[in-house]
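The values are calculated or read from the model by the stated rules, or taken from the named source; none is laboratory data. For clarity, every value in this text was computed on a predicted model and none was experimentally measured. Virtual Cβ from ideal backbone geometry, glycine too; neighbours counted across all protein chains shown.
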Amino acid sequence: MSRWLPFEWIAALRFLREGWMQTFFILAGITIGVGVIVFMSALLAGLQSNFLQRVLNAQAQIMLLPPDEVARPLRDGPGIVEDAVVQRPTQRLRSIDQWQAVQTQMATTSGVTMTSPVASGAALALRGEASRSITLTGVEPESYFRIVRLPDSIVAGQARLLNDEIIIGTDLATALGVALGDKLRVTAASGRDATLTVSGLFDLGNRQVNERNTYVALRTAQSLLNLIGGVTSLQLTVQDAYAAETMAQAIQGATGVRADSWIRTNMEFFTAVNAQRTANTVIRLSVGLSVALGIASVLVVSVVQRSREIGILRAMGGTRGQILRIFLIQGGVLGLLGSLSGSGLGFAALVLWHRWARQADGSELFPLTIQPDLFLAAMGVATLTGVLAAMAPALRAARLDPVVAIRG
Amino acid sequence: MPAEVLRLEDIRKSFNLGTPLETEVLHGIDLMLRRGEFCALIGPSGSGKSTLLNLIGLLDRPTAGRLFIEGHDTRALDDAALTRLRGHSIGFVFQYHHLIGAFTAAENVMMPLLLDRGHPDDTMRSTAEDLLDRVGLLPWKESRVGNLSGGQQQRVAIARALAMNPALVLADEPTGNLDTRSADGVFALMREVNRTHGTAFLIVTHDPRLARRCDRIVEVVDGRIVTNEAVVHSAAEEA
């Protein structure tokens with residue numbers, strides 16, 4: 001009998017050991033429950049951060065655009081309107097007014113980590129008889145490629161953009177039958193055209209994107225799109241991606257240009273994440289609840305089985321508090337031990353899953369990140385759940401009338 | 001130290017109070033037990049012996065009347081205080097040993113001390129071993145109680161009842177479940193503890209042979225004490 005353990009602990013541990021079969025089965029139950037929770041939580045966290053990483057690496061967090069053109073009704077004088085029907089004007093390809101000044105202002109705004117000007121517009125890529133419509137994106141590679149990780153997706157050539165070079169997707173290359181180093185004619189809607197050399201091929205894992213997106217040097221795009229010296233957008237990254245929307249609104253208020261955050265342009269993504277999170281929470285709560293009910297039912301049976309012993313303990317001077325604590329401790333110990341083995345199970349499942357669940361090409365679906373916090377939290381919550389689940393049986397034990405209990 | 005360990009004054013006990021099923025099972029019991037007395041409590045089944053024993057053992061409260069344990073009026077005490085008084089002044093020996101199966105013999109004997117002090121310590125263990133030695137079970141101190149015979153278990157229960165050195169031991173048919181030889185041994189042990197320690201015993205028994213070997217016999221019939229007289233031991237019995 002351990003000298004430094006209080007009586008309640010000694011009795012609780014002895015009771016658990018004596019009823020080893022019950023203890024074993026409920027521990028197995030808790031282990032599976034905690035294992036499932038740990039596995040699902042880690043998986044979902046990994047999935048979300050990976051998703052987020054992909055989304056954030058493919059676009060800027062805030063995009064500054066020229067404000068929409070609006071029609072001003074012609075007026076003769078106050079209250080006299082010439083033309084009552086105001087049509088929405090067509091949106092020409094326009095530059096952000098004074099974009100250099102805006103960029104300088106953004107660069108010094110706190111929270112903004114990177115700015116990059118972009119000139120983009122529609123164009124046609126031609127080779128022989130074949131033509132494809134493309135989106136021409138003119139960029140400054142040094143800054144832009146730090147916002148959009150295109151170099152990570154280059155499968156042939158390099159992410160280099162001289163004045164007469166173009167980077168295209170693999171699907172466009174297939175459609176036009178071009179390879180690295182081949183030449184391509186690009187005609188913009190303005191009527192200007194240029195012959196460009198393919199310097200790199202990228203694969204972003206999306207057929208439409210691979211067919212449509214092309215990247216050229218900013219100057220090349222400016223001249224093709226007839227936007228000499230102008231840019232159609234300024235791309236920004238910020239320190240806290242989740243604060244992008246608030247920052248965008250602040251920037252819009254301060255500069256007068258339109259600011260779109262990735263949060264607004266990816267509403268669907270956030271809806272999906274939230275739906276997933278809700279489903280996960282419901283599942284975790286249900287598993288946690290059934291674990292708690294399991295602990296409670298085992299302890300209720302134990303109280304019934306031991307009611308005579310409880311009566312004896314009371315007759316020998318045991319207080320209601322001591323009896324209560326004996327059973328609360330049993331619940332807590334079950335929760336803690338179950339969460340230890342459950343964390344082990346969850347960890348093993350994660351490692352196995354990471355090894356076996358692969359993409360078609362054998363690469364991992366997404367990197368596995370295992371945070372110790374998750375296991376600590378699981379243990380804390382499981383122990384607390386055990387104690388709470390033990391509450392009803394423990395109260396029942398403490399309230400037993402010794403006379404009735406001893407007589408059985 | 002008061003000479004009396006137990007005094008009952010007009011104790012009444014009713015069950016199902018305030019319902020049409022209300023029944024009074026004890027109708028005014030007066031009883032006094034002195035330090036070191038060895039008293040048998042006899043009576044037919046259903047006479048109220050067990051109810052009386054539960055009241056004396058502070059496991060239940062009387063409906064009316066006063067009950068003193070070592071001079072303490074128990075009427076004014078709350079539940080926690082009753083538990084404390086019970087733990088310190090009264091030892092229990094039940095018909096079925098009622099030991100705690102998850103513990104060894106020595107640990108069962110320590111149990112009342114453990115409940116009182118909260119932590120195990122060396123003095124508890126030596127007290128338990130002394131008591132086991134006295135009941136002749138020292139070699140079995142580390143045995144699980146489930147592995148002991150009925151007589152041995154009852155001896156452990158007696159050792160446990162003595163752990164807090166109580167003034168009064170209540171024994172509810174302590175030999176009722178034992179063969180004659182074990183029963184004699186257990187009875188002799190209680191008698192010896194009573195003589196050497198001065199512990200008062202109140203023993204419920206159905207066995208007239210055992211009852212006659214006590215100092216006094218109290219007979220309860222239909223909730224009333226009908227006999228309360230000292231036993232005159234012949235020289236032959238004493239031997």
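Checked against the criterion of being part of a helix (DSSP H, G or I), within 14 Å of chain A (Cβ to nearest Cβ) and out of contact with any Cys (no Cβ under 6 Å at 6 or more places or on another chain), the candidates B:ALA163, B:ALA159 yield just one match: B:ALA159. Within segment B:127-145, is there a residue that is within 14 Å of B:MET110 (Cβ to Cβ), hydroxyl-bearing (Ser, Thr, Tyr) and buried (at least 18 other Cβ atoms within 10 Å of the Cβ)? The answer is yes; a qualifying residue exists. All of A:ARG207, A:ARG264, A:ARG212 fail the test of being of a type in the set (Lys, Arg) and in contact (Cβ under 8 Å) with a residue 40 or more places away in the chain, apart from A:ARG212.
Among the numbered conditions (1) under 27 Å from A:GLN330 (Cβ atoms); (2) surrounded by fewer than 18 Cβ atoms within 10 Å (Cβ to Cβ), the only one that A:PRO393 does not meet is (2). For segment A:141-161, residues that are buried (at least 18 other Cβ atoms within 10 Å of the Cβ), more than 25 Å from the chain's Cα centre (by Cα) and of a type outside the set (Gly, Ala, Ser) total 2.
Are any of the residues in segment A:38-47 crowded, with 22+ Cβ neighbours inside 10 Å and more than 24 Å from the chain's Cα centre (by Cα)? No: segment A:38-47 contains no residue that is crowded, with 22+ Cβ neighbours inside 10 Å and more than 24 Å from the chain's Cα centre (by Cα). Taking segment B:7-86 and the strands (runs of 3 or more DSSP E) fully enclosed by it, the elements with 1 or more residues that are surrounded by fewer than 21 Cβ atoms within 10 Å (Cβ to Cβ) and of a type outside the set (D, E, K, R) are at B:23-34, B:64-69. I need the full set of residues from segment B:89-119 which are part of a helix (DSSP H, G or I) and either facing chain A (nearest Cβ under 7 Å) or within 17 Å of B:ALA171 (Cβ to Cβ) (or both), in order please. Within segment B:89-119, B:SER89, B:GLU107, B:ASN108, B:VAL109, B:MET111, B:PRO112, B:LEU114, B:LEU115, B:ASP116 meet the criteria.
Listed by position, the helices (runs of 4 or more DSSP H) inside segment A:336-408 whose residues that are within 14 Å of another protein chain (Cβ to nearest Cβ) and touching a residue at least 40 places away in the same chain (Cβ under 8 Å) number at least 2 are A:391-399, A:402-407.
The rows are residues; the columns are (1) of a type in the set (Asp, Glu); (2) more than 30 Å from B:GLU219 (Cα to Cα).
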site: B:LEU67; (1), (2): no, no
site: B:HIS72; (1), (2): no, no
site: B:ARG86; (1), (2): no, no
site: B:SER89; (1), (2): no, no
site: B:TYR96; (1), (2): no, no
site: B:ALA105; (1), (2): no, yes
site: B:VAL109; (1), (2): no, yes
site: B:ASP122; (1), (2): yes, yes
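Going by what's in this entry, would A:SER133 be described as of a type outside the set (Val, Ile, Thr), under 21 Å from A:SER261 (Cβ atoms) and assigned by TED's automatic domain parsing to the domain that holds A:ALA188? Here the answer is no, as A:SER133 does not meet what is asked.
Quick one: would you say A:LEU43 is over 22 Å from A:TRP262 (Cα atoms) and assigned to a strand (DSSP E or B)? So A:LEU43 fails the test.
Does A:ALA156 satisfy being free of Cβ contacts under 8 Å to residues at least 60 places away in the same chain and farther than 26 Å from A:LEU227 by Cα? Considered against the rule, which asks whether it is free of Cβ contacts under 8 Å to residues at least 60 places away in the same chain and farther than 26 Å from A:LEU227 by Cα, A:ALA156 comes out as yes.
For B:GLU142, the conditions (1) part of a helix (DSSP H, G or I); (2) farther than 21 Å from A:ALA398 by Cα are fulfilled apart from (1).
Only residues that are more than 9 Å from chain B (Cβ to nearest Cβ), of a type in the set (Gly, Ala, Ser) and farther than 18 Å from A:ALA296 by Cα were counted in segment A:1-52, giving 6.
Looking only at residues in segment A:271-291 that are within 14 Å of the chain's Cα centre (by Cα) and surrounded by 15 or more Cβ atoms within 10 Å (Cβ to Cβ), the one that is nearest to A:VAL112 (Cα to Cα) is A:VAL273.
Residue-by-condition table, conditions (1) under 30 Å from A:GLU8 (Cα atoms); (2) more than 14 Å from every other protein chain (Cβ to nearest Cβ); (3) free of Cβ contacts under 8 Å to residues at least 12 places away in the same chain; (4) part of a helix (DSSP H, G or I):
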residue	(1), (2), (3), (4)
A:PHE269	no, yes, no, yes
A:ALA272	no, yes, yes, yes
A:ARG308	yes, no, no, yes
A:GLY317	yes, no, yes, no
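Can you confirm whether segment A:325-332 contains a residue that is out of contact with any strand residue (DSSP E or B) (no Cβ under 7 Å at 6 or more places or on another chain), surrounded by 14 or more Cβ atoms within 10 Å (Cβ to Cβ) and of a type in the set (Val, Ile, Thr)? Yes: segment A:325-332 contains one or more residues that are out of contact with any strand residue (DSSP E or B) (no Cβ under 7 Å at 6 or more places or on another chain), surrounded by 14 or more Cβ atoms within 10 Å (Cβ to Cβ) and of a type in the set (Val, Ile, Thr). Residues in segment A:96-131 that are among the polar types (S, T, N, Q) and either exposed (fewer than 13 other Cβ atoms within 10 Å of the Cβ) or not in a helix (DSSP H, G or I) (or both): A:GLN98, A:GLN100, A:THR104, A:THR108, A:THR109, A:SER110, A:THR113, A:THR115, A:SER116, A:SER120, A:SER131.
Evaluating A:ILE62 against the criteria (1) away from every other protein chain (no Cβ under 14 Å); (2) surrounded by 14 or more Cβ atoms within 10 Å (Cβ to Cβ); (3) at pLDDT below 85 leaves one unmet condition, (3). Restricting to segment A:274-306, what's the tally of residues that are under 22 Å from A:ALA45 (Cα atoms) and in contact (Cβ under 8 Å) with a residue 12 or more places away in the chain? Summing the residues that are under 22 Å from A:ALA45 (Cα atoms) and in contact (Cβ under 8 Å) with a residue 12 or more places away in the chain in segment A:274-306 gives 7.
When you look at B:GLY176, is it over 12 Å from the mean Cα position of the chain (by Cα), in contact (Cβ under 8 Å) with a residue 24 or more places away in the chain and within 20 Å of B:GLN152 (Cβ to Cβ), yes or no? It is true that B:GLY176 is over 12 Å from the mean Cα position of the chain (by Cα), in contact (Cβ under 8 Å) with a residue 24 or more places away in the chain and within 20 Å of B:GLN152 (Cβ to Cβ). Within segment A:82-103, the set of residues being in contact with a strand residue (DSSP E or B) (Cβ under 9 Å, 6 or more places away or on another chain) and without any contact (Cβ under 8 Å) to a residue 60 or more places away in the chain comprises A:GLU82, A:GLN100. Every condition in (1) among the hydroxyl-bearing types (Ser, Thr, Tyr); (2) free of Cβ contacts under 8 Å to residues at least 40 places away in the same chain; (3) in contact with a helix residue (DSSP H, G or I) (Cβ under 9 Å, 6 or more places away or on another chain) is met by B:SER50 except one, and the failing one is (2).
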